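Notes to accompany the following structure.
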Amino acid sequence: MQPIRFGLVGYKFMGKAHSNALARLPMFFDTDRPIERRVLCGRDGAWAAEAAEKFGYAQVETDWRKLVARDDVDAIDITAPSNVHKEVAIAAAQAGKHIFCEKPLALTTDDAREMLDAARKAGVRHQIGFNYRFAPALVLAKKMIDEGKLGRIFHFRGSFLQDWIIDPEFPKVWRLDKSVCGSGSLGDLGAHVIDAARYLVGDIESVTGLTRTFVKERPIVERMTGLSGKAGSDAPRAPVDVDDAAAFIASFENGAVGVFEATRFSQGHKNDMRLEVNGEKGSIRFEFERMNELWYFSAEDEPGLQGWRMIQVSEGIHPYWDKWWPAGHVIGFPETFVHEFYEFAQCIAQERECAPSFEDGVKVSQIMDAAELASSRRAWVDIKEI
Ligand SMILES: NC(=O)c1ccc[n+]([C@@H]2O[C@H](COP(=O)([O-])OP(=O)(O)OC[C@H]3O[C@@H](n4cnc5c(N)ncnc54)[C@H](O)[C@@H]3O)[C@@H](O)[C@H]2O)c1
């Protein structure tokens with residue numbers, strides 16, 4: 001069977017997470033087509049060669065245009081910052097390559113729509129990197145909601161809290177530069193919460209909210225990668241043009257009420273994504289830092305014995321678990337990427353639509369743009385307006 005030959009753009013935090021997933025994938029999952037890590041693309045040839053060696057790619061390119069034009073690559077995996085996504089994805093689609101792209105899909109909803117249109121027109125598979133929805137506990141939560149275990153849904157509550165940019169001397173890394181990332185905590189963290197909300201509860205029709213920038217200027221960065229950055233001792237400062245915190249409320253199409261919060265200014269919270277869904281028959285609760293657990297309350301339990309129960313989502317009967325370890329031998333953040341690439345590879349092999357696709361990326365972008373607009377207008381914004 002012809003392998004799916006991957007070409008990777010960017011090779012730091014997400015580049016490593018994706019490459020690790022592609023390497024693990026065949027060890028645990030049987031894909032319909034073999035996986036091949038073919039070409040790694042980075043702008044600096046020597047560093048890219050070092051990364052290719054470590055991450056198991058056979059060849060190197062220093063220009064993504066050359067990567068996209070190669071006829072020995074089937075899928076382009078985009079892990080560069082968000083300002084690079086659109087150009088690479090559209091070129092990849094036009095060259096007939098399947099595309100996996102990290103979130104947020106693009107700097108704006110209009111750009112995201114162009115990417116979706118290009119992928120649809122080319123008839124290629126397209127998937128966006130909302131890896132959190134691939135935690136087995138969230139797949140189980142989705143199944144429980146779809147089966148009606150919670151009944152009519154009243155509330156969704158989601159927050160994603162981190163604390164790594166509170167120091168005003170922390171430099172202006174690309175995640176604080178609107179021209180590179182599009183938005184701040186909203187796009188970096190809020191995007192995952194919005195995706196989880198849509199996955200579990202459904203589409204949103206309107207929002208109102210607030211975004212805030214606490215530290216208005218920061219030292220210009222000298223070196224950066226992932227969530228770290230360094231500036232010289234007397235580095236000049238530049239204005240920060242993205243939100244440090246974003247909070248919004250939302251009305252879902254099915255009548256449920258949503259409350260959302262994303263910030264990188266919550267001391268003590270490292271990668272603290274929490275979700276709760278309340279329905280007429282029960283509730284579920286999830287914390288990413290304890291991702292093997294799903295909390296469930298059923299109002300249908302016998303009176304006097306009702307209470308929150310913790311389901312340890314790590315047995316063969318749970319989503320994806322028959323592929324991993326014996327019961328209770330828990331998995332973590334890296335495995336969410338294995339699951340998402342399993343789905344991507346199977347969608348390519350079986351020629352079916354991916355989920356989450358670029359369409360989901362567009363819908364999440366719409367909600368983020370609406371939240372920003374609502375904050376600047378101090379008003380409710382209909383998603384249809386975006
Ligand atoms: N799904 C998740 O959990 C998650 C987590 C972190 C980041 N992300 C997303 O992944 C993307 C990358 O984030 P990261 O943390 O890996 O960033 P990073 O800074 O660690 O790595 C970015 C990589 O892109 C490369 N790059 C930058 N511009 C390029 C260009 N023009 N051509 C080729 N390569 C280029 C850099 O050299 C680097 O290798 C962003 O869109 C981000 O929002 C997703």
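The values are calculated or read from the model by the stated rules, or taken from the named source; none is laboratory data. Just so you know, these numbers come straight off a predicted model, no measurement behind them. For neighbour counting, all protein chains shown are included, and Cβ atoms are generated from backbone atoms with ideal geometry for every residue, glycine included.
Test Val180 against the stated conditions and say whether it is within 11 Å of the ligand (Cβ to nearest atom), surrounded by fewer than 20 Cβ atoms within 10 Å (Cβ to Cβ) and either of a type outside the set (S, T, N, Q) or assigned to a loop (DSSP other than H, G, I, E, B) (or both). First the steps, then the outcome.
Numbers: within 11 Å of the ligand (Cβ to nearest atom): yes; surrounded by fewer than 20 Cβ atoms within 10 Å (Cβ to Cβ): yes; either of a type outside the set (S, T, N, Q) or assigned to a loop (DSSP other than H, G, I, E, B) (or both): yes.
Considered against the rule, which asks whether it is within 11 Å of the ligand (Cβ to nearest atom), surrounded by fewer than 20 Cβ atoms within 10 Å (Cβ to Cβ) and either of a type outside the set (S, T, N, Q) or assigned to a loop (DSSP other than H, G, I, E, B) (or both), Val180 comes out as yes.
To keep it simple, each residue is scored yes or no on (1) of a type outside the set (Val, Ile, Thr); (2) modelled with pLDDT under 95; (3) in contact with a Ser or Thr (Cβ under 9 Å, 6 or more places away or on another chain); (4) more than 30 Å from Arg264 (Cα to Cα).
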{"site": "Glu53", "(1), (2), (3), (4)": "yes, no, no, yes"}
{"site": "Asp72", "(1), (2), (3), (4)": "yes, no, no, yes"}
{"site": "Val139", "(1), (2), (3), (4)": "no, no, no, no"}
{"site": "Arg157", "(1), (2), (3), (4)": "yes, no, no, no"}
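For Gly56, are the conditions met, namely being touching a strand residue (DSSP E or B) at 6+ places or on another chain (Cβ under 7 Å) and on the phi > 0 side of the Ramachandran plot?
It is true that Gly56 is touching a strand residue (DSSP E or B) at 6+ places or on another chain (Cβ under 7 Å) and on the phi > 0 side of the Ramachandran plot.
Just wondering, is there one or more residues in segment 292-306 that are in the same structural domain as Ser159 (by TED's automatic domain parsing), buried (at least 20 other Cβ atoms within 10 Å of the Cβ) and within 16 Å of the ligand (Cβ to nearest atom)?
no
Residues of segment 205-223 being of a type outside the set (A, V, I, L, M), outside any loop (DSSP other than H, G, I, E, B) and out of contact with any helix residue (DSSP H, G or I) (no Cβ under 9 Å at 6 or more places or on another chain), which ones?
Glu217, Pro219, Arg223
Going by the structure shown, is Asp146 outside the structural domain of Asp244 (by TED's automatic domain parsing), at negative phi and away from the ligand (no atom under 14 Å from the Cβ)?
no
Being within 22 Å of the chain's Cα centre (by Cα), touching a residue at least 60 places away in the same chain (Cβ under 8 Å) and more than 30 Å from Trp321 (Cα to Cα) is true for just one of Gly209, Gly229. Which residue is that?
On the way: Gly229 fails: touching a residue at least 60 places away in the same chain (Cβ under 8 Å).
Every option except Gly209 fails the conditions.
Please pick out the residue among Gly202, Gly226 that is closer than 22 Å to Phe130 by Cα, surrounded by fewer than 23 Cβ atoms within 10 Å (Cβ to Cβ), at pLDDT below 95 and not polar (S, T, N, Q). Break it down stepwise before answering.
Values: Gly202 fails: at pLDDT below 95.
Checking each option against the conditions leaves just Gly226.
Mind listing just one residue for me: the one in segment 1-43 that is near the ligand (Cβ under 8 Å from one of its atoms) and either part of a strand (DSSP E or B) or within 21 Å of Ala91 (Cβ to Cβ) (or both) and, of those, nearest to the chain's Cα centre (by Cα)?
The extreme case among them is Met14.
Exactly one of (1) part of a helix (DSSP H, G or I); (2) touching a Phe, Trp or Tyr at 6+ places or on another chain (Cβ under 8 Å) is unmet by Ala49. Its number?
That leaves (2) as the condition not met.
For segment 354-386, what are the residues that are of a type in the set (A, V, I, L, M), part of a helix (DSSP H, G or I) and over 14 Å from the mean Cα position of the chain (by Cα)?
Within segment 354-386, Ile367, Ala370, Ala371, Leu373, Ala374, Ile383 meet the criteria.
For segment 60-101, which residues satisfy the criterion of being in a loop (DSSP other than H, G, I, E, B) and either of a type outside the set (Asp, Glu) or within 12 Å of the ligand (Cβ to nearest atom) (or both)?
Thr62, Asp63, Arg70, Val73, Thr79, Ala80, Pro81, Ala95, Gly96, Lys97, listed by residue number.
Being among the β-branched types (Val, Ile, Thr) and in a helix (DSSP H, G or I) is the filter here, so list the residues in segment 104-127 that pass it.
Thr109, the sole residue that qualifies.
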